[in-house]
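Rule-based calculations on the coordinates, nothing more; no lab input. From a predicted model like this one, the values you see are computed outputs, not experimental measurements. As a convention, Cβ positions derive from the backbone with ideal geometry for all residues, glycine included, and neighbour counts pool all protein chains shown.
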């Protein structure tokens with residue numbers, strides 16, 4: 001199975017669930033995503049800023065699940081297919097395992113699928129090890145592959161290419177290629193706290209350091225780009 005219109009990829013590793021969350025130790029998360037291919041072959045997008053990777057080992061700090069198996073199997077890879085209107089699951093050998101759809105992800109259509117901006121985009125694991133998927137107008141939280149825990153409205157209806165949790169558990173969102181200069185901040189219950197702007201738009205990447213500082217990447221065009229620290 002192929003996801004076309006790739007936005008984000010996350011990987012579940014061990015009992016430590018960082019997603020694209022900040023950590024106060026030496027474990028950091030990396031990010032990958034892209035603007036997505038649109039051809040009938042369903043090829044994924046080119047590398048860009050954003051997405052998220054869960055990494056780390058038990059006992060190294062950050063956010064842990066203390067009992068029972070992790071809700072998302074170790075080493076499994078989750079891909080948001082914006083044109084597919086689905087999230088895909090693969091094992092560590094890239095074998096297809098499952099996929100699931102939610103009405104917030106848009107409409108499943110024949111290749112090349114729905115418009116790229118209509119589908120799921122940024123993803124991250126929260127402190128419970130649940131997968132948070134950013135749809136156009138809401139965040140949908142899954143307690144296990146395909147098992148919905150709930151959805152929460154966004155303050156603005158717009159493609160959200162990447163999302164991240166800071167050390168305090170607050171959630172930050174980027175926009176996307178062609179998007180505005182806005183960053184929206186929510187608390188851990190998905191209540192909107194504030195909206196602030198960066199000097200430029202096209203905010204496609206987000207990451208953080210071990211001190212909890214958050215960085216946003218902007219595509220300026222003409223081969224130029226910028227990174228802003230907040």
Once residue 167 and residue 215 are pulled to full extension, the length gained, defined as 0.36 nm per residue separation minus their Cα-Cα distance, is 15.9 nm
Of the listed peptides 75-82, 120-127, 88-95, what is their order by residue-averaged count of other C-beta atoms within 10 Å, with the highest listed first?
120-127, 75-82, 88-95
Gain in span if fully extended, residue 194 to residue 98, counting 0.36 nm per residue against the direct Cα distance:
30.9 nm
